[in-house]
Structure formats: C-alpha cells, structure tokens
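*Asks:* Here's a structure for you.
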Amino acid sequence: MSKENNTMVQTNRPIAIKATSVKKRYRLGQIGGGTLTGDLQSWWARVRGKEDPNTKIGTDQRLVGQTFMALNGIDLTVYQGEALGIIGGNGAGKSTFLKLLSRVTAPTEGEIDINGRITSMLEVGTGFHGEMTGRENVYLNGAILGMTKAEIDAKMEEIIEFSEVREFIDTPVKRYSSGMYVKLAFSVAAHLDSEIMIMDEVLAVGDMAFQRKCLERMRRAAKDEGRTVLYVSHNMNTIRQLCDRCIVLDKGKIIFSGGVEEAIELYMGKAIDCPKRVDLAKAARPHHKCKDGIKLTAAEIVNADEWRIKVGDKLRYNITVKATKDMENVCFKTRVMTADENSVSLFLAPNLITCKAGEEIEIPLEADTSQLVPGKYLLTPALYDINEFGEMMFFDHVHASIGLEVETKLGFCSNMKWDQRWWGNIKLPDIVDLRK
C-alpha cells in the first residue's frame with residue numbers, strides 16, 4: 001500500500017507534472033526473428049507447445065510471449081519549483097518513468113500532463129551526435145528544445161564556462177571521455193531555458209568537485225528560478241542535499257511519497273524499530289571473524305519505555321554478556337550511525353567487563369547524548385580488546401542491531417528546526433562571547 005505524506009506537497013504551487021494511472025507494459029522474450037519465415041516458425045511452435053526452433057540454446061522458454069509491467073499504476077503530482085527525488089532498487093521502474101516523462105516512449109495506459117519544456121539526461125551524452133563538436137551539440141540540443149539560435153548564443157559562454165571543457169568545445173564529442181561528456185551534457189541541460197530538468201544518475205560519472213557544482217546548480221534552479229527538478233540516484237547523500245520530497249518505487253509502483261529521510265529509511269530497509277529490550281543473541285553477525293570468549297546477548301533501555309529519549313537526555317541502558325571462558329578487561333563500544341549507515345560518532349567504555357566462564361552478567365551503562373540532534377539512529381554494540389600492535393580485535397560485533405530515536409523538546413535551539421541535511425547530526429556547544 002502506498003504511503004503518502006501530504007504535508008510535503010506544496011499544493012499552492014502550479015502543477016508541473018501530473019501522472020494519472022500510468023502503466024507501461026513490455027513484452028518479454030524475442031520480438032522478431034528477423035525474417036517472416038522465422039517468425040512464422042516461432043509462432044507455429046508456440047501454438048503447438050513445442051520448443052522454438054529459432055531460440056538460442058539456454059533461453060528460458062517460459063519468458064517467450066509473456067509481458068512485463070515496468071510501471072503498474074503510477075499516480076503522481078509534481079509542483080513547479082519542486083525538487084523531487086526518485087529512489088528504488090534496480091528494475092523498480094525509475095528509468096522507465098523518466099523515459100515516459102521525456103517522451104522517449106509512450107505509456108501503455110494512463111495519462112501524463114506536462115506543463116513546460118523538458119531537458120533530460122537519462123544517460124551520458126543523451127541527444128549528442130558523436131561526429132559533431134561540443135559547440136554544435138549545444139546548438140542541436142537547444143534546437144530540440146525549441147530555442148532560437150539567438151537564445152542559444154546568449155547562453156553559450158555560460159554553458160562553456162560551467163562545463164569546464166572550453167579547450168575541447170570545438171572537438172567532436174566522440175573523442176570526449178565519459179566525464180567530459182557528462183560535464184557538457186549537464187551544462188547544456190542546466191542552462192538552456194526549460195521549465196523541467198530530469199536527471200537519471202548521470203552525476204556518478206563526473207568528479208566530486210563537478211558533482212558539488214551540479215548539485216548547487218540544480219538547487220538554484222529549483223529554489224531561485226522556480227524550475228522543477230526530478231532526480232534519480234542511488235547516492236542518498238545527494239538525494240538529501242537536493243530534494244524537498246522523495247518517492248520510492250518498487251515493482252513499478254509508488255510505495256511511498258513524502259519526507260526525504262523517511263523515504264531513505266524505507267529504501268535502505270532500515271525501518272527503525274525501538275523495542276525496550278533487544279535480543280542480541282539471535283541477531284545476525286557480520287561475516288568477518290571474531291575471537292571466541294564472550295558474546296553480547298541482550299540490550300535493554302532503562303530510562304524510557306522504548307529506545308526513545310529527548311534531546312540532551314542521558315541514555316541509560318543495560319547490556320547482557322555471556323562468557324565461554326574466563327575474560328578480563330574486555331572493552332565495549334557502541335557505534336552511532338544514521339539510518340543509511342553513515343557514521344555519526346562512537347560511545348567508548350574501555351576495560352569494562354570481567355566475566356567467568358559460563359557466567360552471564362548484566363552491566364548498567366550511561367551515555368551522554370547531549371550533542372546528538374533529533375532524529376533516528378542505528379547503534380552497533382561491540383566487544384573487543386586491543387592487541388600489541390594497537391589493532392582492535394573483536395569478540396562480538398552486532399551490526400545496526402539497535403534503533404535509537406532522539407526526540408526534540410521545548411526550547412531546543414530556541415525552537416529552531418534543526419536541518420540535518422546541512423548541519424549534520426551533532427550539535428556543538430554554543431559559541432561563547434568573550435567581550436567583557
């Protein structure tokens with residue numbers, strides 16, 4: 001069932017794109033044999049339930065003649081000036097949907113209403129002709145958008161400067177590297193006069209400095225110029241930085257539309273649960289080898305009903321460990337991560353645990369979370385010691401096994417909403433005014 005967060009939709013803005021009950025059906029298997037005789041032979045074999053004589057050995061006969069629903073009932077409204085992220089696994093229908101919006105192909109069923117001109121980058125060098133120079137391809141792309149030569153001339157210098165390929169602008173683009181391709185292609189898409197920009201994972205080709213510049217350009221296009229941006233990426237950090245709203249596609253359907261963090265949490269499969277007691281004995285362990293001797297069996301929060309605390313509160317919890325042999329001065333740590341498993345910080349408790357063989361003990365702990373801002377986190381508890389070379393050697397390591405939610409409270413940041421996308425997950429102490 002699709003989840004919808006209506007608070008994210010800017011209904012006071014004009015509609016840029018409206019998709020209603022959109023479906024796209026493809027036929028699986030071989031479409032044509034290349035000759036009329038071959039097609040007739042294949043058809044007659046299927047009618048009789050026989051093996052197709054024109055199909056390559058090893059082809060799954062069950063796929064021939066079947067259909068595949070790449071999109072299966074998409075309903076979506078995108079507003080002018082909105083930056084919409086589209087995420088989902090491979091084969092979810094992201095690229096197919098963008099191709100429909102770009103009119104590369106037509107929907108099998110449903111309607112798509114588009115208000116404004118579209119520039120799209122569905123792959124590196126989309127719309128470029130290899131034998132033409134970079135400059136000529138700029139004119140070609142502009143003409144496709146319906147711009148006059150005078151309008152393109154007015155933008156040309158800005159496009160060349162942004163693309164960082166000035167020395168090669170009069171060289172045929174077939175000689176460009178993939179990075180040069182994407183730089184020029186993005187520059188054209190970003191600077192020509194279109195109301196809607198569609199980007200499909202193209203920035204992964206460019207270098208990091210250019211990616212940052214592109215993200216900033218897309219942000220300005222949406223916020224300052226009122227252009228609509230649709231952005232597909234598997235890089236969750238760029239989704240966070242650019243998008244106001246996000247949809248998650250799965251098996252050709254929208255399963256979520258709403259806040260960026262909630263969408264990422266769903267896509268990453270990290271719907272953070274916060275039960276009061278977590279059974280670590282049954283939790284999955286990572287593949288890397290750990291030393292024998294002692295294992296984590298449980299974790300339980302003390303100062304709340306679940307693993308939810310108010311911002312600035314101490315985190316009081318118990319861990320339970322069980323030893324298989326006598327252990328002394330075992331260290332304990334807890335790694336703090338975001339929902340998509342980017343590290344935030346670390347709680348350390350060195351030389352904490354001494355336990356006899358066969359003994360199971362519960363250890364009360366307290367962690368200072370005062371610098372964590374409101375949000376959802378994943379905790380990875382671990383038992384370890386340090387060898388003679390200063391390396392950390394694990395006894396046990398239970399990855400992302402505990403969900404922690406830090407909730408806001410009255411007066412936090414003087415009631416200013418903390419924006420994790422730009423400011424991070426740690427709130428440093430306030431600056432002190434040293435004037436006397």
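*Asks:* Could you say whether any residue in the stretch 383-397 is in a strand (DSSP E or B), under 28 Å from W418 (Cα atoms) and assigned by TED's automatic domain parsing to the domain that holds G293?
*Replies:* No; the residues of the stretch 383-397 include none that is in a strand (DSSP E or B), under 28 Å from W418 (Cα atoms) and assigned by TED's automatic domain parsing to the domain that holds G293.
*Asks:* For the stretch 340-362, what are the residues that are closer than 17 Å to V398 by Cβ and part of a loop (DSSP other than H, G, I, E, B)?
*Replies:* Once the filter is applied, which keeps residues that are closer than 17 Å to V398 by Cβ and part of a loop (DSSP other than H, G, I, E, B), the stretch 340-362 yields only E341.
*Asks:* Give the residue, chosen from R245, R175, that is more than 17 Å from G85 (Cα to Cα), outside the structural domain of N342 (by TED's automatic domain parsing) and modelled with pLDDT of 90 or more.
*Replies:* R175
*Asks:* Okay, next question. Looking only at residues that are among the polar types (S, T, N, Q) and in contact with a strand residue (DSSP E or B) (Cβ under 8 Å, 6 or more places away or on another chain) in the stretch 72-90, which one is farthest from K251 (Cα to Cα)?
*Replies:* Q80
*Asks:* Of the numbered conditions (1) within 25 Å of D244 (Cα to Cα); (2) surrounded by fewer than 18 Cβ atoms within 10 Å (Cβ to Cβ); (3) in contact (Cβ under 8 Å) with a residue 24 or more places away in the chain; (4) not aromatic (F, W, Y), L404 fails exactly one; give the number of that condition.
*Replies:* Just one mismatch for L404, condition (2).
*Asks:* Go through (1) part of a loop (DSSP other than H, G, I, E, B); (2) at pLDDT 90 or above for T297 and report which single condition fails.
*Replies:* Evaluating T297 over (1) part of a loop (DSSP other than H, G, I, E, B); (2) at pLDDT 90 or above leaves (1) as the failure.
*Asks:* Here is a further query. Inspect all residues belonging to the stretch 235-243 and state whether any of them is within 20 Å of K376 (Cα to Cα), in a strand (DSSP E or B) and in contact (Cβ under 8 Å) with a residue 12 or more places away in the chain.
*Replies:* no
*Asks:* Determine whether D52 is part of a loop (DSSP other than H, G, I, E, B), acidic (D, E) and either under 16 Å from C246 (Cα atoms) or at pLDDT below 85 (or both).
*Replies:* When the stated conditions are applied, D52 passes them.
*Asks:* Next question, about the same structure. Of all residues being modelled with pLDDT of 80 or more and within 30 Å of H234 (Cβ to Cβ) in the stretch 276-288, which is surrounded by the most Cβ atoms within 10 Å (Cβ to Cβ)? Just the residue, please.
*Replies:* Looking only at the stretch 276-288, we keep the residues that are modelled with pLDDT of 80 or more, and these are 276-285.
Of the ones still in play, those that are also within 30 Å of H234 (Cβ to Cβ) are 278, 283-285.
Numbers: V278: 24, A283: 17, A284: 9, R285: 15.
Only one residue tops the list, namely V278.
*Asks:* Return the total of residues in the stretch 301-335 being free of Cβ contacts under 8 Å to residues at least 40 places away in the same chain, within 13 Å of P364 (Cβ to Cβ) and surrounded by 14 or more Cβ atoms within 10 Å (Cβ to Cβ).
*Replies:* Going through the stretch 301-335 one residue at a time, the tally reaches 1.
*Asks:* Mind listing just one residue for me: the one in the stretch 407-433 that is touching a strand residue (DSSP E or B) at 6+ places or on another chain (Cβ under 6 Å) and assigned to a loop (DSSP other than H, G, I, E, B) and, of those, surrounded by the fewest Cβ atoms within 10 Å (Cβ to Cβ)?
*Replies:* Checking each candidate, the answer is K409.
Residue by residue, here is whether (1) in contact with a Leu (Cβ under 6 Å, 6 or more places away or on another chain); (2) at pLDDT 85 or above; (3) surrounded by 15 or more Cβ atoms within 10 Å (Cβ to Cβ) holds:
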residue	(1), (2), (3)
K149	no, yes, no
I169	no, yes, yes
M180	no, yes, yes
F186	no, no, yes
M197	no, yes, yes
A209	no, no, no
C214	yes, no, yes
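*Asks:* Here's a follow-up. Please name all residue pairs, on different chains or six or more residues apart, with Cβ atoms under 7 Å, provided the first residue is in the stretch 15-30 and is over 10 Å from G73 (Cβ atoms) and of a type in the set (K, R) and the second residue is part of a strand (DSSP E or B) and at pLDDT 80 or above.
*Replies:* If the second residue must be part of a strand (DSSP E or B) and at pLDDT 80 or above, the pairs left are K18/T77; K18/D113; K24/A70; K24/L71; R25/M69.
*Asks:* Continuing with the same structure: Tell me, which residue of the stretch 397-436 that is in contact with a Phe, Trp or Tyr (Cβ under 8 Å, 6 or more places away or on another chain) and hydrophobic (A, V, I, L, M, F, W, C) is farthest from L315 (Cα to Cα)?
*Replies:* By that ranking, first place goes to W418.
*Asks:* Hey, among K409, K356, K376, which residue is free of Cβ contacts under 8 Å to residues at least 40 places away in the same chain and among the basic types (K, R)?
*Replies:* Step by step, each of K409, K356, K376 is checked, and only K356 is free of Cβ contacts under 8 Å to residues at least 40 places away in the same chain and among the basic types (K, R).
*Asks:* Something else now. Suppose we filter K291, K295, K251 for residues that are in the same structural domain as R25 (by TED's automatic domain parsing) and more than 30 Å from K409 (Cα to Cα); which single one remains?
*Replies:* Result of the check over K291, K295, K251: K251.
*Asks:* Follow-up question, since we're still on this one. I'd like to know if the stretch 120-137 contains one or more residues that are under 30 Å from K18 (Cβ atoms), out of contact with any helix residue (DSSP H, G or I) (no Cβ under 8 Å at 6 or more places or on another chain) and of a type outside the set (S, T, N, Q).
*Replies:* Within the stretch 120-137, none of the residues are under 30 Å from K18 (Cβ atoms), out of contact with any helix residue (DSSP H, G or I) (no Cβ under 8 Å at 6 or more places or on another chain) and of a type outside the set (S, T, N, Q).
*Asks:* Quick check on my filter: what residues within the stretch 150-198 are farther than 19 Å from D224 by Cβ, in contact (Cβ under 8 Å) with a residue 40 or more places away in the chain, in a loop (DSSP other than H, G, I, E, B) and not aromatic (F, W, Y)?
*Replies:* Hit for the stretch 150-198 is E164, nothing else.
The values are calculated or read from the model by the stated rules, or taken from the named source; none is laboratory data. All figures in this text were calculated on a predicted structure; none of them were measured in a lab. Here the Cβ is made from the backbone with ideal geometry for all residues, glycine too, and neighbour counts use every protein chain on show.
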